[in-house]
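Trainee: The structure's right below; bear with me while I get my questions together.
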Amino acid sequence: MPNCITRHIPNTVTCLNLFSGCIACVMAFENHYEWAFLFIVLSAVFDFFDGMLARLLHAYSNIGKDLDSLADDVSFGVAPSVMVFSLLRETCPDTGISSWLPYTAFLIAVFSALRLAKFNNDSRQTSSFIGLPVPANALFWASLVTGGHDFLTTHPDLTAGVLLLVVLFSWLLVSEIPMFSLKFKNLKWESNKVSFTFLLVCIPLLALLGMCSFAAIIIWYILLSLATWRKP
């Protein structure tokens, strides 16, 4: 009986990730960006714990792997896409071809799915990442839309910049650029200097930038990954 129960615990947590992601989509469509951001963060918490529980309980399964990818694409692909879509509906003219521009936001969901499929079949990504992780991309967009909403809606001339960011970050998801992970094997500076440097800079960003801090942190993460990238 205990084994029968414990093997379902990680998948239950994954389902909570998916449930939170669905709520985030609804909140985003109704322009409740703060709530959408909160539920995306909650999904990220569930996403962290389902993997940890699977390792602790030795409860791995093919169903769990597929379910995790499905939940992640909803929570970290579709939900931020709807947030950007809702933002662009406010900033793009509702006439002619411009009325179709908001739909480019769903490239985030498409490339997130491609990224997840690639990750599941890429044996190189055990201790680090190849391309931008899907949760990091979602936090960037959730933070940018939530924290920058008022500024972006009063400066519609920046819409082109948002669209370019959609294309850029979609490419980063499936790129071959190595991105470091925050997995610590020990607490020694030499072994973890990149991670420690990253975390030290995150502290003032969180203190100074409020809701936009997560977007700034993801940009810092990308720049530091590029700076420490050693080409073969």
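The values are calculated or read from the model by the stated rules, or taken from the named source; none is laboratory data. Note that this is a predicted model, so its numbers are computed, not measured. Positions of Cβ are generated from backbone atoms using ideal geometry, with glycine treated the same way; all protein chains shown enter the neighbour counts.
Trainee: Scan 70, 107, 87 and give me the residue that is surrounded by fewer than 20 Cβ atoms within 10 Å (Cβ to Cβ), part of a helix (DSSP H, G or I) and at pLDDT 95 or above. Can you show your working first?
Mentor: Values: 70 fails: at pLDDT 95 or above; 87 fails: surrounded by fewer than 20 Cβ atoms within 10 Å (Cβ to Cβ).
Selected residue: 107, the only one of 70, 107, 87 that is surrounded by fewer than 20 Cβ atoms within 10 Å (Cβ to Cβ), part of a helix (DSSP H, G or I) and at pLDDT 95 or above.
Trainee: Separate question: One residue is enough: does the stretch 27-37 have a residue meeting the conditions surrounded by fewer than 20 Cβ atoms within 10 Å (Cβ to Cβ) and within 25 Å of residue 120 (Cβ to Cβ)?
Mentor: no
Trainee: Go through (1) of a type outside the set (Phe, Trp, Tyr); (2) crowded, with 20+ Cβ neighbours inside 10 Å; (3) farther than 23 Å from residue 208 by Cβ one by one and return the number of the condition residue 114 breaks.
Mentor: Just one mismatch for residue 114, condition (2).
Trainee: Kindly indicate which of 182, 206, 164, 223 is surrounded by fewer than 16 Cβ atoms within 10 Å (Cβ to Cβ), under 17 Å from the mean Cα position of the chain (by Cα), within 30 Å of residue 90 (Cβ to Cβ) and free of Cβ contacts under 8 Å to residues at least 24 places away in the same chain.
Mentor: Going through 182, 206, 164, 223 in turn, the sole match is 223.
Trainee: If I go through the stretch 42-69 residue by residue, how many of them are within 10 Å of residue 13 (Cα to Cα), of a type in the set (Asp, Glu) and either free of Cβ contacts under 8 Å to residues at least 40 places away in the same chain or in contact with a Lys or Arg (Cβ under 6 Å, 6 or more places away or on another chain) (or both)?
Mentor: Number of matching residues: 0.
Trainee: Still on this structure, I have one more. Kindly evaluate residue 102 against the criterion of being in contact with a Lys or Arg (Cβ under 8 Å, 6 or more places away or on another chain) and assigned to a helix (DSSP H, G or I).
Mentor: For residue 102, the condition - in contact with a Lys or Arg (Cβ under 8 Å, 6 or more places away or on another chain) and assigned to a helix (DSSP H, G or I) - is met.
Trainee: Okay, next question. Inspect all residues belonging to the stretch 123-140 and state whether any of them is touching a Lys or Arg at 6+ places or on another chain (Cβ under 9 Å), more than 24 Å from residue 88 (Cβ to Cβ), free of Cβ contacts under 8 Å to residues at least 60 places away in the same chain and exposed (fewer than 11 other Cβ atoms within 10 Å of the Cβ).
Mentor: So far as the stretch 123-140 goes, yes, one or more of its residues are touching a Lys or Arg at 6+ places or on another chain (Cβ under 9 Å), more than 24 Å from residue 88 (Cβ to Cβ), free of Cβ contacts under 8 Å to residues at least 60 places away in the same chain and exposed (fewer than 11 other Cβ atoms within 10 Å of the Cβ).
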